[in-house]
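Enquirer: Got a structure for you, written out below as structure tokens; questions coming shortly.
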Amino acid sequence: MENNRIDKINYYLEIADAVLKRATCLRRNYGAVIVKNDEIISTGYNGAPRGRDNCINLGFCAREKLNIKSGEKYELCRSVHAEQNAVISAARKDTIDATLYMVGRDAKTGELLDNIDSCSMCKRVVINAGIKNVIVKDKHAECGYKIIDVKDWINYDEVLEEKIKKIVEE
């Protein structure tokens, strides 16, 4: 008899994919699941803070109206990111050495996003939560996902890198 049982990584990625269906962004939808010792600790998706209107309810995205490129000026986004919401919903004792699984899709087409990476703010939140690995669904990876060791985020500070570039250019 053939074993069609899904492996654990893809199991949690599929749960993250289901979580993103609650996202309220008009551009990109993300779902995140934090898992420790094979137990789901929390989930999160991107959307406006509790009590504020979501972009899907407003009918517009401020970043789109301002023609802001992806990856820039996150302070103008209404949403709390999926990683942040998952961490907010968990106790730190439960996130230490945990794994965060994440999936991202284009809100208009539903297609998987390419080269998913957490923004610099989310990286800081994940680092402080003590999360060990981030596993992201990636259609270009041979196995269908990529595993990010959070230590790499600790060792490489892109904010410092950008500041150094600006100083050198001046």
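Enquirer: Any residue that is open to solvent by 70 Å² or more (accessible area, probe 1.4 Å), under 22 Å from LEU20 (Cβ atoms), modelled with pLDDT of 90 or more and out of contact with any Gly (no Cβ under 6 Å at 6 or more places or on another chain) - is there at least one of those in the stretch 93-108?
Expert: Scanning the stretch 93-108 turns up at least one residue that is open to solvent by 70 Å² or more (accessible area, probe 1.4 Å), under 22 Å from LEU20 (Cβ atoms), modelled with pLDDT of 90 or more and out of contact with any Gly (no Cβ under 6 Å at 6 or more places or on another chain).
Enquirer: Does any residue in the stretch 139-157 that is farther than 18 Å from ALA16 by Cα and open to solvent by less than 40 Å² (accessible area, probe 1.4 Å) come within less than 9 Å, Cβ to Cβ, of a residue that is assigned to a loop (DSSP other than H, G, I, E, B) and at pLDDT 85 or above six or more places away or on a different chain, and which pairs are these?
Expert: Once the first residue is farther than 18 Å from ALA16 by Cα and open to solvent by less than 40 Å² (accessible area, probe 1.4 Å) and sits in the stretch 139-157, its partners that are assigned to a loop (DSSP other than H, G, I, E, B) and at pLDDT 85 or above give VAL150/GLY130; VAL150/ILE131; VAL150/LYS132; TRP153/SER118.
Enquirer: Just give me the residues in the stretch 19-59 being of a type in the set (Gly, Ala, Ser) and under 14 Å from the mean Cα position of the chain (by Cα), in sequence order.
Expert: Looking only at the stretch 19-59, we keep the residues that are of a type in the set (Gly, Ala, Ser), and these are 23, 31-32, 42, 44, 47-48, 51, 59.
ALA23, GLY31, ALA32, SER42, GLY44, GLY47, listed by residue number.
Enquirer: Are any residues in the stretch 18-32 surrounded by 24 or more Cβ atoms within 10 Å (Cβ to Cβ) and either touching a helix residue (DSSP H, G or I) at 6+ places or on another chain (Cβ under 6 Å) or among the polar types (S, T, N, Q) (or both), and if so, which ones?
Expert: Passing the criteria: ASN29, TYR30, GLY31, ALA32.
Enquirer: Taking the conditions exactly as written (among the small types (Gly, Ala, Ser) and within 15 Å of HIS81 (Cα to Cα)), does GLY51 satisfy them or not?
Expert: No; evaluated as a whole, the condition is false for this residue.
Enquirer: Enumerate the pairs (first residue in the stretch 1-13 and surrounded by 10 or more Cβ atoms within 10 Å (Cβ to Cβ); second residue anywhere and among the β-branched types (Val, Ile, Thr)) with beta-carbon separation below 8 Å, excluding pairs fewer than 6 apart on the same chain, so at least 6 apart or on different chains.
Expert: Close Cβ pairs (under 8 Å, with a partner that is among the β-branched types (Val, Ile, Thr)) amount to ILE9/ILE135; TYR12/VAL33; TYR12/VAL35; TYR12/ILE40; TYR12/THR99; TYR12/ILE135; LEU13/VAL103; LEU13/ILE135.
Enquirer: If you don't mind, there's one more thing I want to ask. For the stretch 109-138, give me each residue that is surrounded by 14 or more Cβ atoms within 10 Å (Cβ to Cβ), among the polar types (S, T, N, Q) and not in a loop (DSSP other than H, G, I, E, B).
Expert: Scanning the stretch 109-138 gives SER120, ASN133.
Enquirer: Of all residues in the stretch 37-50, which are out of contact with any helix residue (DSSP H, G or I) (no Cβ under 6 Å at 6 or more places or on another chain) and either of a type in the set (D, E, K, R) or open to solvent by 50 Å² or more (accessible area, probe 1.4 Å) (or both)?
Expert: ASN37, ASP38, GLU39, ILE40, ARG50
Enquirer: Another one. Please specify each residue of the stretch 51-63 satisfying the condition of being open to solvent by 70 Å² or more (accessible area, probe 1.4 Å) and in a helix (DSSP H, G or I). Break it down stepwise before answering.
Expert: Taking the stretch 51-63 as the starting set, the residues that turn out to be open to solvent by 70 Å² or more (accessible area, probe 1.4 Å) are 51-53, 56-57, 60.
Correct list: ILE56, ASN57.
Enquirer: Right, something else. Filter the stretch 64-92 down to the residues that are of a type in the set (Val, Ile, Thr) and open to solvent by 80 Å² or more (accessible area, probe 1.4 Å) and list them by number. Don't jump to the end; show me each part of the working.
Expert: Step one: of the stretch 64-92, the residues of a type in the set (Val, Ile, Thr) are 68, 80, 87-88.
Selection gives ILE88 alone.
Enquirer: Which members of the stretch 1-22 meet the condition of being of a type in the set (Lys, Arg) and either in a loop (DSSP other than H, G, I, E, B) or closer than 19 Å to ALA141 by Cβ (or both)?
Expert: The answer is ARG5, LYS8.
The values are calculated or read from the model by the stated rules, or taken from the named source; none is laboratory data. Keep in mind it's a predicted model, so treat the numbers as computed, not measured. Note: ideal-geometry Cβ built from the backbone for every residue, glycine included; neighbour counts use all protein chains shown. Accessible surface is based on the protein model in full, side chains and every heavy atom, while ligands, DNA and RNA are left aside. Shrake-Rupley method; radii C 1.70, N 1.55, O 1.52, S 1.80 Å.
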